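Right, one structure below, let's go through it.
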Amino acid sequence: MDFLTFLEFSVVGLAGGGLLALIALGFVLIYKGTRVVNFAMGEFMMMGAYLFYTTHVAWKLHWAPALALTLAGIAALGALVERTILRPLSGQPVISIVMATIGLGTILHGAADAIWGGDNLALPELLPRKPVFVGEILIPGQVLWSFAAACALIGAFLAYFRFSRTGVAMRAAASDPVTAYAMGIDVRRTSRLTWIFAGLTGAVAGIIVASMTSLSPALGNVALGVLAVIILGGLDSVLGAIVAGLAIGWLEAVTVGFIGGKARDLVPYVVVLVILMVRPYGLFGTREIERL
Amino acid sequence: MRTGDYRASYAQDEALFVTPVQRAWLLALIVGLAAFPWAAGSYLTYIAVLLGIHVISATGLNIMTGYTGLISLGHAAFMGVGCYAVAYAANAGVPFWIALPLGGLASAAIGLVVGIPSLRIKGLYFAIATLAAQFVLGFVFREWEPVTGGVRGVNLPAPSLFGLAIEGDRAVYYIVVPAAVAMLVAARNLFRTRVGRAFIAIRDRDISAEVLGISLLRYKLTAFAIGSFYAGVAGGLWGYFFRAATPEAFSLGLSVFYLAAIIVGGLGSILGGILGAAFMTMVPEALRAIVAWIAPWYPPATVLLSPMREIVFGALIVGFLVFEPHGLAEMWRRVRRFFHLWPFKT
């Protein structure tokens, strides 16, 4: 394999990594805000894509109002989940929380199967397919534009957390809920908002993934591979999610190019095992100190 | 009415079954289990064998997760290791009563390797590590064709005893159920020993346990090895029951099933593992029966069966976590206490 092909795979991988970073952002938001790793993230993506299918394809709405309706639906779902499942479980041991989100994922998966059926559906291609050439390197259009969309969304979230009053309150509640509560921040509201925002990132990522491939209840499985990204980047680091998303995207693409497609499925999990052995808190995560 | 706990000697204190009533119930249970396949039909025998396998595996997971606090999302993969090891040994002509413990040991060995990260990480991070192990082992099952037969899997010969082939559900029942009973008694007794108590101490607070002189390295790995051993034996029995080892049988879904079983049954309770495995095996069967009953009036019901199963499965997990975190074992305890103390209020 020559250098140009390597470069091409690298660029495509980095661009694909943008999408991974977006999904990872959903995980990180929830972990930072509520100390929960949301194993139902993939099902949030899937629900977003299905809602968009219903509003855009079945109801034949223009994509903009369809997207707005979808996001509203997912926001409501996120708030409902926070209120009915996660809030009663706050302070419970890790296994309860892990299993609650897994159970939630199963419910959503079953619900999607019951409502929309298990067959593959097709979303119209939202992103232009026309490839873009950078010098001699070809980048598929969808990959490039999904990268751009992911960057825009991540940028918007970062700006929101940096500049808006609510965003600052959410960061405060994430870093120290008790103090934040004492300072008059409504911690329940911030944790509800956290779930809503994570649902929104998931829905957008799900719509992009579904429009590039196809839509079925199995769409949610994508998110399990993203666990590698958040472990590599650190569970509570937004910067880590972005850097690690790009790194894993690159690694997957290069593995496909050099070793073959089968090994691709294995890459994220081998990365997870290595990282957990060597540096469990990830590249940018906070090292947890335990006190008795 | 029971008024107190009158134990006057160490022998009484150590007895597994204290009262004559308990001993009588135990005898009735053994007779009932032995006679079950003759009284029940072939369908119930099939369910009973499946249940026995699930109970063994769920108990193994309970030892790891419920008693030692090591969350494993890769339990099905350990079962798979046991199943493939038994298949490999059985095809090489090893009799089943050697092959099954061998499968358990193979699984325990892999469990030791996977358990090593538990020394540095715990809780959520460890759960993710075992999830990764699940996928890596699944990949090995699919790709290591000379041993695992790839995607198609491998077939097992029927187990035989003294030259007699053990075929059919009823015969397999008499391997699975004694194995399950033996392993349950072993597990119950494990938590009356220093090792078992050390597991519980590690679950409750690992740092304090270490301060008390419990070697985390040794006991965490022991817990993982024992849990994987149970999974391996269950996997081997699975192989002899279905006469095949296939990669898709030991998926993440099965791992989640066992976690759900011990949560619904009760974490850190042997009875909980039994009740949970039984409950989670019965619910899909009950759903299927309901659907078969409704279908003549409402034909689409058959299509909805598999999504309904998933929804009910997830709802059971979430519902038990929110409303009854100690599971069925706790409900059973409450019922018993009610009758013990009747006519007084509990």
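All of the numbers you see were taken from the coordinates with simple rules; none came from a lab. These numbers come from a predicted model, not from an experiment. Neighbour counts are summed over all protein chains in view; Cβ atoms, including those assigned to glycine, are modelled from backbone coordinates with ideal geometry.
Among the residues making up the stretch A:47-98, a single one is of a type in the set (A, V, I, L, M) and touching a Lys or Arg at 6+ places or on another chain (Cβ under 6 Å): A:ALA79. Taken over the stretch A:186-243, residues that are within 14 Å of chain B (Cβ to nearest Cβ) and either part of a helix (DSSP H, G or I) or not aliphatic (A, V, I, L, M) (or both) amount to 19. Provide a single number: the residues in the stretch A:92-118 that are more than 7 Å from chain B (Cβ to nearest Cβ), within 12 Å of B:ILE263 (Cβ to Cβ) and of a type in the set (A, V, I, L, M, F, W, C). The qualifying residues number 1.
The number of residues in the stretch B:136-183 that are assigned to a loop (DSSP other than H, G, I, E, B) and in contact with an Asp or Glu (Cβ under 8 Å, 6 or more places away or on another chain) comes to 1. The residue list B:ALA244, B:ALA292 contains one member that is in contact with a strand residue (DSSP E or B) (Cβ under 6 Å, 6 or more places away or on another chain) and either surrounded by fewer than 20 Cβ atoms within 10 Å (Cβ to Cβ) or without any contact (Cβ under 8 Å) to a residue 12 or more places away in the chain (or both), which is B:ALA244. Among the residues of the stretch B:125-151, those that are more than 12 Å from every other protein chain (Cβ to nearest Cβ) and either in contact with a strand residue (DSSP E or B) (Cβ under 9 Å, 6 or more places away or on another chain) or among the aromatic types (Phe, Trp, Tyr) (or both) comprise B:PHE141, B:TRP144, B:VAL147, B:THR148, B:GLY149. If you go through the stretch A:244-292 and keep only what is outside any helix (DSSP H, G or I), more than 9 Å from chain B (Cβ to nearest Cβ) and surrounded by 19 or more Cβ atoms within 10 Å (Cβ to Cβ), you end up with A:GLY282, A:GLY285.
Hey, among the residues in the stretch B:59-89 that are within 14 Å of chain A (Cβ to nearest Cβ) and either among the small types (Gly, Ala, Ser) or free of Cβ contacts under 8 Å to residues at least 40 places away in the same chain (or both), which one's surrounded by the fewest Cβ atoms within 10 Å (Cβ to Cβ)? Among residues in the stretch B:59-89 that are within 14 Å of chain A (Cβ to nearest Cβ) and either among the small types (Gly, Ala, Ser) or free of Cβ contacts under 8 Å to residues at least 40 places away in the same chain (or both), the one surrounded by the fewest Cβ atoms within 10 Å (Cβ to Cβ) is B:GLY69. Which residue out of B:GLY103, B:GLY115, B:GLY111, B:GLY82 is among the small types (Gly, Ala, Ser), within 25 Å of B:ILE200 (Cβ to Cβ) and under 18 Å from the mean Cα position of the chain (by Cα)? Going through B:GLY103, B:GLY115, B:GLY111, B:GLY82 in turn, just one is among the small types (Gly, Ala, Ser), within 25 Å of B:ILE200 (Cβ to Cβ) and under 18 Å from the mean Cα position of the chain (by Cα): B:GLY111.
The residue list B:LEU305, B:LEU252, B:LEU271 contains one member that is within 28 Å of A:ASP113 (Cα to Cα), surrounded by fewer than 20 Cβ atoms within 10 Å (Cβ to Cβ), in contact (Cβ under 8 Å) with a residue 12 or more places away in the chain and under 16 Å from the mean Cα position of the chain (by Cα), which is B:LEU252. Out of all the residues in the stretch B:317-346, which are within 8 Å of another protein chain (Cβ to nearest Cβ) and surrounded by fewer than 20 Cβ atoms within 10 Å (Cβ to Cβ)? B:VAL322, B:PRO325, listed by residue number.
Could you check, for the stretch B:242-258, whether at least one of its residues is within 27 Å of A:GLY220 (Cβ to Cβ), more than 14 Å from every other protein chain (Cβ to nearest Cβ) and assigned to a helix (DSSP H, G or I)? Yes, because at least one residue in the stretch B:242-258 is within 27 Å of A:GLY220 (Cβ to Cβ), more than 14 Å from every other protein chain (Cβ to nearest Cβ) and assigned to a helix (DSSP H, G or I). The residue list B:GLY236, B:GLY168 contains one member that is more than 14 Å from every other protein chain (Cβ to nearest Cβ) and closer than 16 Å to B:MET79 by Cβ, which is B:GLY236. How many residues does the stretch A:55-108 contain that are more than 14 Å from B:VAL322 (Cα to Cα), among the small types (Gly, Ala, Ser) and crowded, with 18+ Cβ neighbours inside 10 Å? Matching residues across the stretch A:55-108 total 5.
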